[in-house]
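Any read-out appearing in this document is the output of simple, stated calculations on the displayed coordinates, not a laboratory observation. For clarity, every value in this text was computed on a predicted model and none was experimentally measured. Note that we place each Cβ from the backbone using ideal geometry, even for glycine, and neighbour counts take in every protein chain shown.
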Amino acid sequence: MKFTAINFKHFLINVGDLMEQNKDYLSDLDIMLGDGDHGITMSIGWKAIRKKVSEELLEEEDCGKISAITGRSFLNAVGSSVGPLYATGFIKGAKVVQGKTAFTEIDLVNFWTAFIDGIKERGQAEVGDKTMIDTFEPAKNSMVKTFEESQDILTAFTNAVEDAKKGMESTKEMPSKKGRSSRLGERSIGHQDPGATSAFIVLSAFLEEVKAIANTSK
């Protein structure tokens, strides 16, 4: 499977659409744990990405450049703590495909590994802290393991998203250990983490793009 620059940009635009559709839901989750603005924050950040993709990057074919500019655009638009996290992810991922007009399947595995490791390193979070890492880390581990066995990105990412969902849902039963919500302690139990939820939206959108490519190549 070849995942082109066009596919990459289409994925980014779709994430923006999904964040807009889920803006109120994400903010409602955040009301229980933080400032209640996570949906608005993600909407602003992904709108900035969509604008960049639709204008400056419209004809760009270098996947590394697209990813790096995407990260910087998100950071410039979003002042909250999530800005540097996603920016780091995209900038780290950009190095995997620098100068390439398309991702190979192993490039996709390496991109997401670099993306997630970058976020984890920047945020200094671990699984169990009730953050986006509870979604991203299980997804990465599942993707890498399944791809090693199957050598098929669709199979690998399908499993990754299944495990990401489990990770996201597991945050309901955790006390918050990072960020503003950590001050709630045990009172944060029972509420799903908004950052873990928006991370799941990103991964789900990517899986849909991979499925679409697989279907057209049959």
key: Under Karplus coefficients 6.51, -1.76 and 1.60, residue-wise ³J(HN,Hα) of the range 24-29 in Hz, glycine/proline x   = 5, 4, 5, 5, 4, 4
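Hey, got the dipole for the range 5-153? About the Cα centre, +1 on K and R Cβ, -1 on D and E Cβ, debye to the nearest 20?
Using Cβ point charges on Lys, Arg, Asp and Glu, the range 5-153 gives about 400 debye.
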task = Please report the Cα spread of the chain along all three principal axes, rounded to whole Å, starting with the longest.
result = 48, 39, 28
query = Using the alpha-carbon atoms, what tilt in degrees (0 to 90, nearest 10) does helix 5-21 show relative to the longest principal axis of the chain?
reply = 30 degrees
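Under the rule a/c < 1.5 gives rounded, and otherwise a/b versus b/c splits prolate from oblate, where does the range 56-111 land using the Cα gyration tensor?
Oblate, because a/c is 1.5 or more while a/b does not exceed b/c.
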inquiry  = Sort 26-35, 7-16, 58-67 by the packing proxy (mean of other Cβ within 10 Å over each peptide's residues), most packed first.
reply    = 7-16, 26-35, 58-67
request  = Considering the options Gly93, Asn14, Gly83, tell which one lies farthest towards the positive end of the dipole of the chain, charges being +1 on Lys and Arg and -1 on Asp and Glu at the Cβ, about the Cα centre.
outcome  = Gly83
remark   = From DSSP H assignment alone, runs of 4+ in the chain each adding -39500 (n - 2.57), the sum over residues rounded to the nearest 500 puts [θ] at 222 nm at -23000 deg cm²/dmol
inquiry  = What do you get for the angle between helix 153-170 and the principal long axis of the chain? Use alpha-carbon atoms, 0 to 90 degrees, nearest ten.
reply    = 10 degrees
query = So what are the ³J(HN,Hα) numbers for the range 60-68, from phi and the Karplus equation (6.51, -1.76, 1.60; θ = phi - 60°), rounded to whole Hz, Gly and Pro as x?
reply = 6, 10, 7, 4, x, 5, 4, 5, 5
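Give the peptides 208-217, 83-92 in descending order of average Cβ contacts within 10 Å, highest first.
Working: 208-217: 13.4, 83-92: 22.9.
Descending mean neighbour count gives 83-92, 208-217.
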inquiry  = Name the residue from Ala156, Ser67, Asn141 whose Cα lies farthest towards the positive end of the charge dipole of the chain, charges +1 on Cβ of Lys and Arg and -1 on Cβ of Asp and Glu.
reply    = Ser67
